[in-house]
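Q: One structure follows; several queries about it will come next.
The values are calculated or read from the model by the stated rules, or taken from the named source; none is laboratory data. In this text the structure is predicted, and so the values were computed from the model without any measurement. A quick note on method: Cβ atoms are made from the backbone with ideal geometry, for glycine too, and the neighbour counts reach across all protein chains shown. Surface accessibility is based on the protein's heavy atoms, side chains included, excluding ligands, DNA and RNA. Shrake-Rupley method; radii C 1.70, N 1.55, O 1.52, S 1.80 Å.
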Amino acid sequence: MHGIFQKVAGYYDRMNAIMTLGRHRRWCREVAERAAPPAGGSLLDLATGTGVIALQMAADHPDAVRTLTVASSGDALSEAARTAQMNYASALAAGRRGLHHLAPAVSGSRILAGFASVVMWLADPLLRPACAADAVAFLRAEDVFDIGARLGDITAPTLVIGGDRDTGYPVETFRRTAAGIPGARLIIYPGATHMGVIRHARFAEDVASFTATCPRRHSRR
């Protein structure tokens with residue numbers, strides 16, 4: 001299982017988007033509404049999938065969240081990731097091979113990304129979505145998703161953790177996300193990739209320490 005996620009980490013969200021025909025954003029919002037945590041609950045967000053849910057839930061239900069930890073995620077995709085997605089979407093719309101445009105998300109190394117680009121170009125026909133129009137529509141919608149304007153609504157003590165070798169969420173995104181949430185704390189792990197953050201030797205200790213030291217809040221509801 002670990003090996004599988006290592007291989008798909010760079011384009012997991014895009015696969016989600018294609019497989020659900022763009023509906024997973026609506027599902028995330030619905031989950032946030034239905035699964036509003038009890039007063040004093042804590043949220044741990046790991047990467048983009050749950051990042052959407054955790055950040056949305058903390059913004060929509062500020063009184064219900066005691067602590068929020070955001071790991072390998074942020075308020076929006078980086079410009080590089082958005083550009084890569086739009087290049088891929090344009091190729092899909094034109095019926096051309098385009099999967100290789102997502103290669104930079106697979107590795108921060110230019111050499112590995114170059115190798116991945118070749119492999120992805122060759123594999124494109126096998127991995128092309130059945131309905132290109134639906135995939136293109138979602139990719140365009142995903143690129144404009146940005147919760148940055150709602151970060152100030154998050155009142156729970158927040159810890160943002162990222163790696164300085166994350167290709168989808170650069171350090172600037174982590175800093176911007178932390179700066180937008182009142183009183184948020186930021187930790188950057190040197191040398192850590194997108195998936196490497198949760199495997200970092202300090203990760204579990206940092207999250208546990210932060211959660212344990214945050215005062216319990218009382219709901220106003």
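Q: Given a Förster distance of 35 angstrom, what is the FRET efficiency for Arg175 paired with Ala212, based on the Cβ-Cβ distance and rounded to 0.05?
A: The pair Arg175/Ala212 has a calculated efficiency of 0.90.
Q: State, to one decimal in nm, how far the label point of Ile111 lies from the label point of Asn87, with both points 7 Å from Cα in the Cβ direction.
A: Taking the simple label geometry, Ile111 and Asn87 are separated by 2.1 nm.
Q: Just to verify a number: what accessible area does Leu126 come out at with the full protein assembly present, 1.4 Å probe, Å² rounded to tens?
A: 150
Q: Under the 0.36 nm per residue contour assumption, what length would be gained going from the current alpha-carbon distance of Arg185 and Trp121 to full extension?
A: Additional length available on full extension: 19.0 nm.
Q: Describe numerically, in nm with one decimal, the distance between label points set 7 Å from Cα along Cα→Cβ at Ala204 and at Asp60.
A: In this crude label model, Ala204 to Asp60 measures out at 3.2 nm.
Q: Which whole-number percentage describes the relative contact order of region 125-221, with Cα contacts under 8 Å and a sequence gap of 6 or more? Please report the intermediate quantities before stating the final value.
A: On the way: 92 pairs, mean separation 23.9, N = 97.
Dividing the mean separation by the residue count of region 125-221 yields 25 percent.
Q: How do the peptides 158-164, 174-180, 195-201 rank, highest first, by the average count of neighbouring beta carbon atoms within 10 Å per residue?
A: Values: 158-164: 24.6, 174-180: 19.6, 195-201: 16.4.
Listed from highest to lowest mean packing, they are 158-164, 174-180, 195-201.
Q: Determine the distance separating the Cα centre of region 177-214 from the Cα centre of region 63-108; give it in Å without decimals.
A: 21
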